[in-house]
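What follows draws every value from the coordinates through simple rules; no lab data is involved. Fair warning: this is a prediction, and the values are worked out from it, not measured in the lab. When we count neighbours, we look across all protein chains shown, and the Cβ atoms used for this are built from the backbone with ideal geometry, even at glycine.
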Amino acid sequence: MGDVVRIEDFYENAPVIEFLYRTGQMLNLRFEKLDQTVVLESVRAAVNRWPGRCMLEFAVAESTILTKDCPVVEPDELAPYYLFFIELQEAGKSLSDTEKQAVCDIAIVFCTQSGTFDVLKDYLLENTGATANQYKVPRKLRTYVMVDTLLKGMV
């Protein structure tokens, strides 16, 4: 089914598993092969450095899927890079430059309005064969349309 799990223990004869990541969701721009677990922990660690902020959702896109007319494309950047989209619990309030600089490069982190990831969900349910009970937030954005959907919800 595409889920990679680890057997952590056994309860009687049944395995106790830990979900690690989905196949095909690995980030790999420069042969670094980052799985979702590493990315999730890194994003959580970054958000935890912002006092009073709590992450609701996040997704990552590789710059290689951006179009030339994308409003956040870095046209002079030769090396590929990642874009992080984060929906915080405290919706509607952008991160200050100081908060962004405390953790990462300002140009690659985008905070979205409350409900932006719900708009992405609606789009994917309407345009794929997935049903609502099968839906999982895609941590790796695979198409420019997915990126554009989140860009439209930027704070």
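Springs between Cα atoms under 10 Å define the GNM used for the chain, and in it the highest mean-square fluctuation of PHE19, PHE58, PHE110 occurs at PHE19. Mean residue ellipticity at 222 nm, helices only, the chain: -7500 deg cm²/dmol; runs of at least 4 DSSP H residues each add -39,500 (n - 2.57), and the sum is divided by the number of residues. Assuming charge only on the beta carbon of Lys and Arg (+1) and of Asp and Glu (-1), the dipole of the chain about its Cα centre is about 80 debye to the nearest 20. Computed over all pairs of different Cα atoms, the Kirkwood value for the hydrodynamic radius of region 29-72 is 12.7 Å.
P(r) tail, the chain: Cα-Cα pairs separated by more than 21 Å, 51% of all pairs. By DSSP, what percent of the beta bridges with both residues in the chain are antiparallel, rounded to the nearest 5? Counting only bridges with both partners in the chain, antiparallel ones make up about 75 percent. In summary, the aspartates and glutamates within cross-link reach of LYS33, defined as a Cα separation below 18 angstrom excluding same-chain residues under 8 places away, comprise ASP3, GLU41, GLU62.
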